[in-house]
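Note sheet for the following structure.
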Amino acid sequence: MLRNLLALRQIAGRTISTASRRQFENKVAEKQKLFQEDNGIPVHLKGGIADALLYRATMVLTVGGTMYALYQLAMASFPKKQD
């Protein structure tokens, strides 16, 4: 039993240490070309649909938070009268 565990540990260690790492393609030049292109789109939206969704979600949260803060300020400014 102990021999099997030691063998398994040795095999697992060897597999992890000798595993080839993934090689990623350098896409910096493509991204630079995309973001420097003059097509009238703001730079914060040039990343595609994900950027547009993040932008819209940020705007909704910002406007909603501002409206909620103003509502709470109004409620605090005019306390309820106690009978």
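The values are calculated or read from the model by the stated rules, or taken from the named source; none is laboratory data. Predicted model only: the values in this text are computed from it and were never measured. Positions of Cβ are generated from backbone atoms using ideal geometry, with glycine treated the same way; all protein chains shown enter the neighbour counts.
Residues in the range 34-48 that are surrounded by 10 or more Cβ atoms within 10 Å (Cβ to Cβ) and either among the charged types (D, E, K, R) or assigned to a helix (DSSP H, G or I) (or both): L34, F35, E37, H44, L45, K46.
Yes/no per residue for (1) charged (D, E, K, R); (2) assigned to a helix (DSSP H, G or I); (3) modelled with pLDDT of 90 or more:
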site	(1), (2), (3)
R3	yes, yes, no
I16	no, yes, no
V60	no, yes, yes
G65	no, yes, yes
L73	no, yes, yes
A76	no, yes, yes
P79	no, no, no
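Taking the conditions exactly as written (surrounded by 10 or more Cβ atoms within 10 Å (Cβ to Cβ) and modelled with pLDDT under 90), does Q23 satisfy them or not? It is false that Q23 is surrounded by 10 or more Cβ atoms within 10 Å (Cβ to Cβ) and modelled with pLDDT under 90.
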